[in-house]
Amino acid sequence: MRRVLVTGAGGYVGRHLVRALADRGVGVVAVQRSGPVADPRAHLLAVDFASLRADDLRALGPIDCVIHLAWSDGFNHGAASHINALPDHVRFVRETGVAGIPQFVGMGSMHEIGYWEGMIGEATPSAPRSMYGIAKHALREAARLLAEQERQVFQWLRSYYITGDDSRNKSLFAKILQWEGEGYTSFPFNSGRSQYDFIDVAELADQIASASLQTAVTGVIECCSGQPVALKDKVEAFLAANHLAIRPEYGAFPERSYDSPAVWGDATKIQRILVAEAARPTKPGRD
């Protein structure tokens, strides 16, 4: 059985990833600071990832891959914690290599690119404009270098605008549900004209699992739909699907300075991975 260690396993994306891996017959070591494990098939390791050293990782037995999702204040792009915690993330990456774990997978974000108009791919230059983006960019390059030194397979999975499981996240859609519940009839909003690459969190988890369970495609991999959708259209569809009465006040806020009019991911690599996975014979006992 392939064994994968997932940090941030109790988080918004992590809970879905643990299930996606377990559904594929993978042995999961779920690292999270507190709370119940997302899936009873996983082994819970209730610690802060930053406390783990190479000896601790070796003591867990053979680990084939580490998927590093753990990150604090992901919805607050200006938080000082992004830079302050960066040494812990770099140290953890180094410890995985020293422990002899052959594959490291890091979780990235479109915000590490900064302002960009059009499709983002592996070769797109980075010029982040937020503390969150700066820290993610720095970790990506540090992890790439450390993985090369330790001869690890390196994969950096870059996500875009994540939706779904909205009661657990801190996105615009979670706030809309909150405001509706509090009885508001409207909320201030920007123009909604900017276009983003949206993906449901369960689909994102499937993409992360699929990418991490293969090593033919490496480097930076965009986990995305590959299709730009106007934020206004996504909001209107969300309101209709959830039968919400609250309405946006378009134009009340300006767009953020680091948000582009249209940005989406190059889905070429992730689609190659998904097609290859679908072509593999199904193992006995798996639906």
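The values are calculated or read from the model by the stated rules, or taken from the named source; none is laboratory data. Values in this document were obtained by computation on a predicted structure and should not be read as measured data. Here Cβ is always computed from backbone atoms with ideal geometry, including for glycine, and neighbour counts include all displayed protein chains. With ligands, DNA and RNA removed, areas are computed over all heavy atoms of the protein, side chains included. Shrake-Rupley method; radii C 1.70, N 1.55, O 1.52, S 1.80 Å.
Side notes on the structure shown:
- In straight-distance terms, cross-link reach from LYS175 covers every one of the aspartates and glutamates whose alpha-carbon lies under 13 Å from its own, apart from those fewer than eight places away in the same chain; here that gives ASP165, ASP166.
- DSSP-defined beta bridges in the chain - what % are antiparallel, rounded to 5: 10
- Per residue accessible area in Å² of the chain, where ligands, DNA and RNA are left out and the probe is 1.4 Å: 46
- Close amide H pairs (under 5 Å, H built 1.01 Å from N) link GLY108 with LEU157, ARG158, SER159, residues at least 5 positions away or on another chain.
- Summary of the geometry: region 118-167 and region 40-72, compared by the centres of their Cα atoms, lie 20 Å apart.
- Amide H contacts of GLU255: SER191, each under 5 Å away and 5 or more positions distant or on a separate chain (H built 1.01 Å from N in the peptide plane; Pro and chain starts excluded).
- Taking all protein chains as they are arranged and a probe of 1.4 Å, the heavy atoms of ARG140 leave approximately 20 Å² accessible to solvent.
- Semi-axis lengths (Å, descending) of the ellipsoid that matches the C-alpha gyration tensor of region 126-272: 33, 17, 14
- A DSSP coil position with no more than 15 other Cβ atoms inside 10 Å describes the following chymotrypsin sites (Phe, Trp or Tyr not before Pro) in region 166-221: TYR184.
- Reported to the nearest whole Å, the Cα centre-to-centre distance from region 168-190 to region 6-29 is 28.
- Linear extension gain, SER191 paired with VAL229, 0.36 nm per residue minus alpha-carbon span: 12.3 nm
- Residues whose amide H comes within less than 5 Å of that of ARG247, counting only those at least five positions distant or on another chain, are SER186, PHE187 (H built at 1.01 Å from N in the peptide plane).
- The charge dipole of region 162-238, taken about its Cα centre with unit charges on the Cβ of Lys, Arg, Asp and Glu (plus for the first two, minus for the last two), comes to roughly 260 debye.
- Pairwise FRET efficiency - GLN214 versus HIS43, Cβ, R0 = 30 Å, nearest 0.05: 0.85
- Stretching ARG2 away from ASP23 to a fully extended chain increases their span by 6.3 nm, per 0.36 nm per residue minus the current alpha-carbon distance.
- Label-point separation, GLU122 to LEU177 (7 Å along Cα→Cβ), nm: 3.6
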